[in-house]
Amino acid sequence: MKYAKVNGKKVEAKPKLRGICTNCSQEMVAKCGRVKIWHWAHKSRLHCDPWWESETEWHRNWKNNFPVEWQEISHKDKASNERHIADVKTSHGLVLEFQHSLISPAEVESREQFYGNLIWIVDGNRSELDKGHFNLGLSGPIQKDPLAYQISWYGRSRLLQNWAESKVMVYLDFGDEILWRLVLYNSQKKTGAVGPLSKKAFIEDCLNGYPIRVSKLEE
Ligand SMILES: [Zn+2]
């Protein structure tokens, strides 16, 4: 994790620092090596949140767009007492999950149920070939307002398929200034629609608590 509590404050990992987990209150140690990004790890056991994935530079760059108070927020389901750590939870109640590793449609669904007001940002550069396939499959536009392009998927990966059944907004991030919202996707036909939005506009709307805007093509 990026943060642990040290003397009651959320602090980033530094060599030899000890802290407390913001989710389960267990002891944490700072891991500050040369291979993995500097992070906090639970001292005595596995991570308290089975949904947690080890962080990449990509996760950190996304989190850094938002205030510290919004990052790594422990979220508890009142009925089940289940706890998970939201990557970002805004003061307006919106949860942002930055997903690098592949997760199954069943996992997608259970997290959406748990968080409710959730938006996924998916790392499109996890697999080397996906960005090329995405650009190859883009055609259109097929709609001007909101602006949408057709996407035909020629890749072998399940990048789009795994998100086809999501009930919340899913944005693909290929590391450019533009995010692509997966508007719809038919896994049998391997075609769907995607809408572009600048990363800057997306972040602004999240910060302000506005509905995420859509792009339009001017006449
Ligand atoms: Zn913990």
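Read-outs throughout are calculated quantities, based only on the coordinates presented, and are distinct from any laboratory measurement. Just so it is clear, the structure is predicted and the values come from calculations on it, not from any experiment. Please note: Cβ atoms are built from the backbone with ideal geometry, for glycine as well, and neighbour counts cover all protein chains shown.
Scanning the range 1-59 for residues that are farther than 24 Å from residue 97 by Cβ and acidic (Asp, Glu) yields a total of 1. Scanning the range 3-35 for residues that are small (Gly, Ala, Ser) and surrounded by fewer than 15 Cβ atoms within 10 Å (Cβ to Cβ) returns 8, 25, 33.
In the range 46-62, the residues that are loosely packed, with under 14 Cβ neighbours inside 10 Å reach residues that are of a type outside the set (Ser, Thr, Tyr) with C-beta atoms within less than 8 angstrom, at least six apart or across chains, in these pairs: 54/36; 54/39; 57/37. For the structure I just gave you, tell me whether residue 145 is closer than 24 Å to residue 87 by Cα and either surrounded by fewer than 15 Cβ atoms within 10 Å (Cβ to Cβ) or among the acidic types (Asp, Glu) (or both). Spelling it out, it is not the case that residue 145 is closer than 24 Å to residue 87 by Cα and either surrounded by fewer than 15 Cβ atoms within 10 Å (Cβ to Cβ) or among the acidic types (Asp, Glu) (or both).
Let me confirm something: among 20, 85, 73, which residue is touching a strand residue (DSSP E or B) at 6+ places or on another chain (Cβ under 9 Å), more than 28 Å from residue 207 (Cβ to Cβ) and of a type in the set (Val, Ile, Thr)?
Just one listed residue meets the conditions, 20.
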